[in-house]
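A short write-up of the structure that comes next.
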């Protein structure tokens with residue numbers, strides 16, 4: 001029997017330290033004891049349990065079982081895609097396991113900073129809220145710091161996905177994670193868009209068609225659930241320069257609790273949380289630290 005709502009994180013070995021940190025924050029702030037599911041490749045299961053220890057604090061499922069749950073997906077298709085794209089599709093296909101009607105899809109590099117309950121994600125009638133906004137605050141900050149390319153690239157991305165569904169009008173964004181996703185929305189996309197075209201989500205999700213935008217446009221197109229828009233749940237620092245600027249004007253985790261239930265520290269610039277041996281050479285890591293210092297100095301101008 002499906003639950004009405006669960007938490008779900010898709011991870012892999014490199015992110016296991018981040019998963020451990022996320023799990024600790026869930027245990028601290030999950031006042032309704034919402035079930036928490038974590039998926040990894042089968043090959044990473046042993047490393048996960050060796051690190052986090054307590055198997056009672058979450059439910060593990062394999063990425064492979066999620067892939068197999070779609071009867072139209074080619075066998076082991078995840079091995080034929082880049083890690084980033086495979087992760088997007090596996091997260092989006094979690095609903096096929098039938099474990100929950102709705103789920104909070106949260107990334108490994110996230111942490112909760114205050115208590116949360118089901119009412120933060122589900123309306124009184126049981127349908128989920130949807131993070132949907134126009135990203136104006138982030139776009140303005142990027143422009144202020146001389147990073148106009150950030151807005152240009154995201155707008156192009158949104159326009160591209162929007163055109164798939166023949167929608168005109170404002171660009172909407174469902175990011176940043178965590179995403180509140182409904183199985184009804186993903187199923188409506190599959191039934192009304194993908195299946196008639198002989199496609200699966202493995203065909204649709206590409207670098208130009210990220211899963212978060214696909215979900216939002218599918219919801220707007222097929223209206224499988226009532227649209228109840230809310231602002232992002234977590235504060236995300238997409239770039240280190242964004243983090244430096246925010247900290248310089250006085251932003252702290254304590255202050256963030258007023259408007260956000262969590263924080264995301266992008267794994268791309270938090271290399272010290274990588275599990276296992278460093279993926280990059282010593283000179284490469286040194287260069288990264290120099291660039292980060294320069295961006296810190298730049299945030300003052």
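The values are calculated or read from the model by the stated rules, or taken from the named source; none is laboratory data. Just so it is clear, the structure is predicted and the values come from calculations on it, not from any experiment. Glycine gets a Cβ as well: all are built from the backbone with ideal geometry, and neighbour counts include every protein chain shown.
General observations
- Within the set 187, 168, 157, 153, the sole residue that is within 25 Å of residue 107 (Cα to Cα) and free of Cβ contacts under 8 Å to residues at least 12 places away in the same chain turns out to be 153.
- Residue 212 fulfils the conditions (1) in contact with a helix residue (DSSP H, G or I) (Cβ under 8 Å, 6 or more places away or on another chain); (2) part of a helix (DSSP H, G or I) except for a single criterion, (1).
- For the residues 51, 17, 7, 22, the requirement of being at pLDDT 95 or above, in a helix (DSSP H, G or I) and surrounded by 14 or more Cβ atoms within 10 Å (Cβ to Cβ) singles out 22.
- Residue that is exposed (fewer than 13 other Cβ atoms within 10 Å of the Cβ), in contact with a helix residue (DSSP H, G or I) (Cβ under 9 Å, 6 or more places away or on another chain) and modelled with pLDDT of 95 or more, where the choices are 197, 221, 280: 197
- Meets criteria (closer than 30 Å to residue 126 by Cβ and at pLDDT 90 or above) for residue 251: no
- Of all residues in segment 101-151 being more than 19 Å from residue 174 (Cα to Cα), modelled with pLDDT under 95 and outside any loop (DSSP other than H, G, I, E, B), the one that is nearest to the chain's Cα centre (by Cα): 149
- Of the residues making up segment 152-166, just one is assigned to a loop (DSSP other than H, G, I, E, B) and touching a helix residue (DSSP H, G or I) at 6+ places or on another chain (Cβ under 6 Å), namely 165.
- Every residue from segment 54-100 that is more than 20 Å from the chain's Cα centre (by Cα), surrounded by 14 or more Cβ atoms within 10 Å (Cβ to Cβ) and either touching a residue at least 40 places away in the same chain (Cβ under 8 Å) or part of a loop (DSSP other than H, G, I, E, B) (or both): 69, 70, 73, 77
- Where residue 259 falls short, out of the listed (1) surrounded by 12 or more Cβ atoms within 10 Å (Cβ to Cβ); (2) modelled with pLDDT of 90 or more; (3) assigned to a loop (DSSP other than H, G, I, E, B): (1)
- Of everything listed in (1) within 30 Å of residue 72 (Cβ to Cβ); (2) surrounded by 21 or more Cβ atoms within 10 Å (Cβ to Cβ); (3) touching a strand residue (DSSP E or B) at 6+ places or on another chain (Cβ under 8 Å), the single unmet condition for residue 164 is (2).
- Residues (in contact with a helix residue (DSSP H, G or I) (Cβ under 7 Å, 6 or more places away or on another chain), under 23 Å from residue 97 (Cα atoms) and in contact (Cβ under 8 Å) with a residue 40 or more places away in the chain) located in segment 20-48: 32, 34, 39
- Checking each residue in segment 30-44 for being farther than 16 Å from residue 17 by Cβ and in a helix (DSSP H, G or I) picks out 42, 43.
- So residue 124, is it closer than 19 Å to residue 264 by Cβ and either surrounded by fewer than 18 Cβ atoms within 10 Å (Cβ to Cβ) or out of contact with any helix residue (DSSP H, G or I) (no Cβ under 8 Å at 6 or more places or on another chain) (or both): no
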